[in-house]
2 protein chains.
Amino acid sequence: MARIGVRDVARAAGVSVGTVSHVLNHREKVAADTVARVDAAIAELGFVRNGAARQLRSGRSLTVGAVVLDAANPFFADVIRGAEEQADASEHAVLVGTSGADEARERRYLDLFSEQGADGILLSPAAWPPQRLAQIAKRGTPVVLVDAQPEGSALPSVAVDDVAGGALAVSHLIGAGRRRIGFVGGPHRIRQVADRWTGAQQAAELAGGNVELERFDTPATTVLAGRAAGEQLIMRPAPRRPDALFCANDLVAVGVMQALVLAGAAIPDDIALIGYDDIDFAAATMVALSSVRQPARELGATAVRMLLGEDDRTSVTFAPELVVRESTDG
Amino acid sequence: MARIGVRDVARAAGVSVGTVSHVLNHREKVAADTVARVDAAIAELGFVRNGAARQLRSGRSLTVGAVVLDAANPFFADVIRGAEEQADASEHAVLVGTSGADEARERRYLDLFSEQGADGILLSPAAWPPQRLAQIAKRGTPVVLVDAQPEGSALPSVAVDDVAGGALAVSHLIGAGRRRIGFVGGPHRIRQVADRWTGAQQAAELAGGNVELERFDTPATTVLAGRAAGEQLIMRPAPRRPDALFCANDLVAVGVMQALVLAGAAIPDDIALIGYDDIDFAAATMVALSSVRQPARELGATAVRMLLGEDDRTSVTFAPELVVRESTDG
DNA sequence: TGAACGTATTGAAACGTTTCATTCGTCGGG
DNA sequence: CCCGACGAATGAAACGTTTCAATACGTTCA
């Protein structure tokens, strides 16, 4: 089965190859009956245009690449969804490659997208600083970083303000009348954790002296780590227990909640609980979990707009938003 | 900044373009010092090869496309991971597009991958039967379906045997001495749910007359639906309660577990509980959840091997496997 | 010493499209 | 009745690689 090209279509429709190409690309400039004839020929022959040749000649790929740490992570999944919606609007498609925090794979995908002539690349970097960016940007493919601090370097980026998020959570707890607040999470070398803790401190200071803020470190931001922390914490005599907990993410919060419920503590009456990320599951925990939502889709959409030159800001920071559910709504 | 091509590299290195291309593609056939000179020129000029031209000429793209319903779904995420690992081994990259169950988007991605000359496409179809497959296969891009029943049509596919999975779960419960078993899930028009229920029935029949199997339908396979079902169920007087529950998936099982725990039932002593899918979270529930694991990575890896012609089976069905944890290990 | 051979490099053709300067008709206005 | 203009279609050039037959240059063997 020989490949079918514009040439074959042209022959079948009784027109020139140039005309076929015109039908493919700007059909409004071609007479209606010619269009019909060419379309018929295309359908009959099952012609599929060769994207490589098209792109080679035209220089555009109508494609945006995204290289993410982990596509299964709901945050990135939402970023990608937002990117797709926005790309759709500009007739682009989003192609996703997952690096799994492996620098070699990240580089391979970056090179791939660059070579394939993607019109832009959205990157959540596996390592800091990202290796090849200078080269790639130089080659002419714009890159936007997602949720990575540009640290002085002036690379375009979109991010969520985790400090603000931490402050948001804690001032919400304070506003609900809580005074002895615990922060559960770790390790603090993860920037997101550190920033949220910083925000928590800021909110506590802002409230004045009668708010206590205590830090409960966990070795990871997982359910099991959260549960262990919760078990520790609930063993304290009641007067020395916090009356509210802010967890570095929702998984930790779920673990803490398990421990508290099993120990018979009432949420939120005895202890209020708030997480971070607003994962799907947050609404479905035993006591629906309050959380801080990151506008992930907006991040993705904005990144794509920046890539395609429809938004000429160079670095955008989004504000997280509070989602109040039962676990703090006593 | 004019684009830099092999021509420029050749000039800078003092060789012909043919030689540059050889260095790029089979450097072992080129003298060592020439390689060095060309590499230096490439680095200095920041040359990035034009993938479109390369592909146009060579016909191969070293790319495999995957079109999935939802990349955030852990099952598909694992399929993709498996596909990536396998593709890696063959110097290929996996590009992912998410259709979100939208047929138009699915078609767009299929067309895109087909036009881009992907060496194969891995598809979890949004609708049945998939629309364009005939065309695409005809054009020469092999397609393998993931987790979709080929229903007579002889399309290549990889899948997990859900009937076997259902049987596996229920015979495990029976083996643990349970006799009054409930199946929680729905709606039954979802093939996976129906198949698992079928498997459950088969296992019950196999065990003879002294096993009762009852069906508890839910409107969806979600945590909340599971919790509602669990609450209903636990309100029955103890003698009329099942002593074991098999849930159509882990989310439902989590919901059921919440209801049982809140009602004070002991798991697994009063009621054993087993889910399906073995999501990450299964090990981190209040009582660690037994489940049926689907070999998702193997699915992805096998699909890629089939696409690249390294495995000439046309349709492969995998057996699920049992993961026993506390919730059935009384 | 010459022929035969092997290795390293070269130059040009080819991949299948888009684009652009032309050509071809046709129609309206002077 | 002719000219200019305009819409539609044409044909060939160009995109930047890879590939392949041909060439150049040593080296080995008889």
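Rule-based calculations on the coordinates, nothing more; no lab input. Owing to the predicted nature of the structure, the values given are computational and were not obtained by experimental measurement. As a convention, Cβ positions derive from the backbone with ideal geometry for all residues, glycine included, and neighbour counts pool all protein chains shown.
Numbers below:
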{"read-out": "DSSP bridge orientation in chain B - percent antiparallel, rounded to nearest 5", "value": "10"}
{"read-out": "Mean-position separation - Cα centroids, segment B:169-232 and segment B:95-125, in angstrom", "value": "35"}
{"read-out": "Sites matching GluC sites (Glu not before Pro) across segment B:20-120 that sit in DSSP coil, with at most 13 neighbouring C-beta atoms within 10 Å", "value": "B:GLU91"}
{"read-out": "Chain A: most fluctuating residue of A:GLY209, A:GLY275, A:GLY117 per GNM, C-alpha cutoff 10 Å", "value": "A:GLY209"}
{"read-out": "Residues of segment B:176-191 with amide N under 20 Å of a point placed 7 Å along Cα→Cβ from B:ARG240", "value": "B:179-185"}
{"read-out": "Long-range amide H partners of A:PHE318 with built H, under 5 Å", "value": "A:ALA159, A:VAL160, A:ASP161"}
{"read-out": "Amide H within-cut-off set for B:ASP311, under 5 Å, with H built and near neighbours excluded", "value": "B:MET306"}
{"read-out": "Under 13 Å, Cβ to Cβ, from B:ALA248 - net charge with Lys/Arg +1 and Asp/Glu -1", "value": "-1"}
{"read-out": "Average partner coverage of A:94-101, which counts Cβ from other chains inside 10 Å", "value": "5"}
{"read-out": "Estimated distance in nm for a label pair at B:SER58 and A:ARG189, the labels positioned 7 Å out from Cα along Cα-to-Cβ", "value": "3.9"}
{"read-out": "Share of alpha-carbon pairs per 20 Å distance bin for the protein assembly as shown, given as whole %", "value": "17, 43, 31, 9, 0"}
{"read-out": "Helix A:191-206 vs. chain A, principal-axis angle (Cα, 0 to 90°, nearest 10)", "value": "50"}
{"read-out": "³J(HN,Hα), Karplus 6.51/-1.76/1.60, whole Hz, each residue of segment B:253-269, x for Gly, Pro", "value": "4, 4, x, 4, 4, 4, 4, 5, 4, 4, 7, x, 6, 8, 10, x, 4"}
{"read-out": "Normalised alpha carbon radius of gyration of segment B:127-270 [divisor 2.2 N^0.38 Å]", "value": "1.27"}
{"read-out": "GNM result for chain B, Cα springs below 10 Å: residue of B:ALA265, B:ALA288, B:ALA148 fluctuating most strongly", "value": "B:ALA265"}
{"read-out": "Formal net charge of residues neighbouring A:GLY166 (Cβ-Cβ distance under 10 Å; K, R +1; D, E -1)", "value": "-2"}
{"read-out": "Estimated inter-spin distance, A:ASN210 and B:ALA319, nm [label 7 Å along Cα→Cβ]", "value": "6.8"}
{"read-out": "Anisotropy class of chain A from Cα gyration tensor, a/c 1.5 cut", "value": "prolate"}
{"read-out": "For segment A:61-89 versus segment B:282-330, the gap between their alpha-carbon centres in whole angstrom", "value": "27"}
{"read-out": "Peptide A:245-257, shielding by other chains (average Cβ, 10 Å cutoff)", "value": "1"}
{"read-out": "Antiparallel DSSP beta bridges within the protein assembly as shown, percent to nearest 5", "value": "10"}
{"read-out": "Cα-centre dipole for the protein assembly as shown with unit charges at Cβ (Lys and Arg positive, Asp and Glu negative), debye to 20", "value": "1720"}
{"read-out": "Length-normalised contact order of chain A in % [C-alpha pairs under 8 Å, at least 6 apart]", "value": "17"}
{"read-out": "Check: segment B:181-330 dipole with +1 on Lys, Arg Cβ and -1 on Asp, Glu Cβ, in debye", "value": "400"}
{"read-out": "Amide H contacts under 5 Å for A:GLY120, placed H, 5+ residues apart", "value": "A:GLY65"}
{"read-out": "Simple Cβ-charge dipole of segment A:18-63, Lys/Arg +1 and Asp/Glu -1, about Cα centre, in debye nearest 20", "value": "280"}
{"read-out": "Under the Karplus curve 6.51 cos²θ - 1.76 cosθ + 1.60, θ = phi - 60°, whole-Hz ³J(HN,Hα) for segment A:240-252, x wherever Gly or Pro sits", "value": "9, 8, x, 9, 7, 10, 10, 9, 4, 7, 5, 4, 4"}
{"read-out": "Averaged over A:54-61, number of beta-carbon atoms from partner chains that fall within 10 Å", "value": "4"}
{"read-out": "Among A:LEU24, A:LEU260, A:LEU213: highest mean-square fluctuation, GNM of chain A, C-alpha pairs under 10 Å", "value": "A:LEU24"}
{"read-out": "Inter-label distance for A:ALA263 and A:THR198, nm, one decimal - labels placed 7 Å from Cα along Cα-to-Cβ", "value": "3.1"}
{"read-out": "Förster radius 35 Å - calculated FRET efficiency between B:ASP39 and B:GLU310 (Cβ-Cβ, nearest 0.05)", "value": "0.65"}
{"read-out": "Ranked by how many other beta carbons lie within 10 Å on average, peptides A:51-64, A:237-250, B:64-77 from highest", "value": "B:64-77, A:237-250, A:51-64"}
{"read-out": "Extreme residue, positive dipole direction of chain A, given options A:MET257, A:ALA244, A:ALA12 (C-beta unit charges)", "value": "A:ALA12"}
